[in-house]
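In what follows, a structure is listed as structure tokens, so that the remarks can point back to it.
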Amino acid sequence: MAQHLAAQGKEVTVVDRLSPAQGSTAASTAMLQWEIDTSLVDLSDLYGFETAARIYRQSLLAVRGLGAQVQLLGLPCAWRYRDALYLAAVGSDGERVRAECKARQQAGLPSELLEPGRLKDMFGITRPAAIASPGAAECDPVCLSQASLEHALRHGAKLIHGDVTAYDFDSKGARVALADGIEIEGDTLILATGYTMPPFVKAEVQKMSASWGCVTATQTPLGFWRGGALIWEDDTPYLYARTTSDGRILVGGEDEAIDDPAERDAVSDAKAAALHAKLEGVWGLPLPPFESVWSAAFSETEDGMPLIGPVPGCPNAYAAYGYGGNGITYSFLASRMIGEMLAGCGQPWFESFALDRPIPSK
Ligand SMILES: Cc1cc2nc3c(=O)[nH]c(=O)nc-3n(C[C@H](O)[C@H](O)[C@H](O)COP(=O)(O)OP(=O)(O)OC[C@H]3O[C@@H](n4cnc5c(N)ncnc54)[C@H](O)[C@@H]3O)c2cc1C
């Protein structure tokens with residue numbers, strides 16, 4: 001957000017109470033997919049095919065846009081383009097995945113259905129069906145975030161280390177006060193504060209969840225993991241996994257709505273064991289133990305869509321959060337959407353991301 005607005009010539013002040021990129025970004029598995037948490041079929045059931053397809057196409061453009069930005073600005077973040085491989089659940093008949101692929105192709109999205117024989121030949125994996133989708137990527141999320149912020153600072157943005165404790169806004173502008181007494185005044189307040197939003201930011205569709213991440217030590221070449229595909233599956237709770245540029249295996253998932261960090265820690269061993277067993281099951285191969293396991297909170301929404309736009313009832317205040325498992329893709333989209341809103345160029349499709357949209361019913 002800061003990078004984009006500073007590059008547009010806006011006067012930007014970033015306030016962070018942690019070192020930059022030490023929030024949920026540091027916990028991220030950074031699978032940069034244009035496929036979102038809610039399948040196109042399920043999103044079509046909620047909002048109709050045309051709206052759902054447009055949202056998916058925006059997501060595809062967001063990954064492309066972020067990749068172009070990384071290249072153009074030379075952001076050092078171990079960016080690598082990858083295919084994403086979406087596996088049908090073990091024991092399913094694969095029909096949900098076949099229907100999903102058909103819907104994506106109707107929407108003009110670059111997805112290819114792999115039946116079991118082809119899936120085995122191409123990826124060495126046995127499942128009832130899978131979808132291979134080019135155009136995804138992986139990166140080091142901390143490096144990406146810090147390099148983007150450094151770019152913003154080089155273009156005139158200011159960074160203040162501090163805890164924002166009070167907010168005030170009206171039709172003339174916005175003001176914040178920090179715990180150490182500093183006050184900052186501007187035209188606009190943009191809250192990109194991850195899952196810790198101030199109490200006046202409320203969204204009916206938002207819910208809190210938690211996810212677990214695990215990583216192995218550096219391995220000898222991972223030849224069985226063909227093409228370094230980003231792997232995830234049509235299952236609940238699901239598994240997502242990738243390799244890293246320094247030859248590790250990075251796995252996440254087992255999402256569960258546990259708020260309390262101590263409670264999360266208490267189940268971390270069980271979650272890691274479940275993820276390890278699931279990943280071994282993907283190829284039917286023994287895999288090395290995890291070197292590190294962590295959990296983190298994140299906020300998601302009932303429809304899998306992020307919350308991006310004006311904060312209802314708060315003039316000159318905007319928020320971008322509720323990203324679920326696509327936070328990095330969505331943060332790029334949020335920067336462009338809010339940039340357009342500030343320029344008075346909001347588009348009708350932005351409404352799909354509004355904070356005050358109701359909980360959808362089928
Ligand atoms: C385990 C896990 C796995 C994930 N995997 C993926 C993935 O594979 N792909 C993907 O795209 N996304 C993934 N995500 C989501 C993605 O990482 C996040 O949505 C994204 O990093 C959020 O970035 P952010 O900058 O909005 O929030 P954060 O990184 O949380 O940063 C918010 C910042 O706001 C600051 N802040 C908050 N309140 C205040 C205040 N009052 N005053 C001052 N500063 C404040 C915090 O200090 C923090 O630095 C995952 C998330 C988790 C937790």
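For the reader, a short list of remarks on this structure follows.
- Condition check for R248: open to solvent by 20 Å² or more (accessible area, probe 1.4 Å) and within 23 Å of L307 (Cα to Cα): no
- Filtering the range 158-196 to residues that are near the ligand (Cβ under 10 Å from one of its atoms) and open to solvent by less than 40 Å² (accessible area, probe 1.4 Å) leaves G162, V164, V176, L178, L191, G194.
- Matching residues, the range 272-301, being under 19 Å from E233 (Cα atoms) and open to solvent by 20 Å² or more (accessible area, probe 1.4 Å): A273, A274, H276, A277, K278, E280, G281, W283, G284, L285, L287, E300
- Sub-6 Å Cβ pairs linking a first residue in the range 128-154 that is part of a strand (DSSP E or B) to a second residue that is open to solvent by 20 Å² or more (accessible area, probe 1.4 Å) and among the hydroxyl-bearing types (S, T, Y), at least 6 apart or interchain, are A137/Y81, ordered by first then second residue.
- Pair list, Cβ < 7 Å and 6+ apart or interchain, from the range 252-268 residues that are closer than 16 Å to T29 by Cα to residues that are surrounded by fewer than 12 Cβ atoms within 10 Å (Cβ to Cβ) and modelled with pLDDT under 95: none
- In the set V41, V63, V70, only one residue is away from the ligand (no atom under 16 Å from the Cβ) and among the β-branched types (V, I, T); that residue is V41.
- Any chance S28 is among the hydroxyl-bearing types (S, T, Y), in the same structural domain as Y238 (by TED's automatic domain parsing) and in contact (Cβ under 8 Å) with a residue 60 or more places away in the chain: no
- Top-ranked residue of the range 111-127 - restricted to ones that are among the hydrophobic types (A, V, I, L, M, F, W, C) and in contact (Cβ under 8 Å) with a residue 40 or more places away in the chain, ranked as most open to solvent (accessible area, probe 1.4 Å): M122
- For K362, the conditions (1) open to solvent by 30 Å² or more (accessible area, probe 1.4 Å); (2) at pLDDT 95 or above are fulfilled apart from (2).
- For the range 96-110, the set of residues classified as part of a helix (DSSP H, G or I) and in contact (Cβ under 8 Å) with a residue 40 or more places away in the chain consists of R96, V97, A99, E100, A103, R104, Q106, listed by residue number.
- Those residues of the range 201-210 which are open to solvent by less than 60 Å² (accessible area, probe 1.4 Å) and more than 12 Å from the ligand (Cβ to nearest atom), in sequence order: A203, V205, Q206
- The number of residues in the range 81-100 that are among the charged types (D, E, K, R) and loosely packed, with under 15 Cβ neighbours inside 10 Å comes to 2.
- Test result for V215, in the same structural domain as L18 (by TED's automatic domain parsing), open to solvent by less than 30 Å² (accessible area, probe 1.4 Å), within 14 Å of the ligand (Cβ to nearest atom) and β-branched (V, I, T): no
- Matching option when the condition is among the aliphatic types (A, V, I, L, M) and exposed (fewer than 14 other Cβ atoms within 10 Å of the Cβ), among A229, A262: A262
- Only one of the numbered conditions (1) away from the ligand (no atom under 15 Å from the Cβ); (2) charged (D, E, K, R); (3) touching a helix residue (DSSP H, G or I) at 6+ places or on another chain (Cβ under 9 Å) is violated by R57, and that is (3).
- Considering residues of the range 9-38 that are within 24 Å of L85 (Cα to Cα) and more than 8 Å from the ligand (Cβ to nearest atom) only, the residue modelled with the lowest pLDDT: D37
- Test result for H155, open to solvent by 70 Å² or more (accessible area, probe 1.4 Å) and assigned by TED's automatic domain parsing to the domain that holds I55: yes
The values are calculated or read from the model by the stated rules, or taken from the named source; none is laboratory data. The structure presented is a predicted model; accordingly, all values stated were derived computationally and were not measured. Positions of Cβ are backbone-derived with ideal geometry, glycine not excepted, and every protein chain shown enters the neighbour counts. Quick note on the areas: whole protein, heavy atoms, side chains included, nothing else; ligands and nucleic acids left out. Shrake-Rupley method; radii C 1.70, N 1.55, O 1.52, S 1.80 Å.
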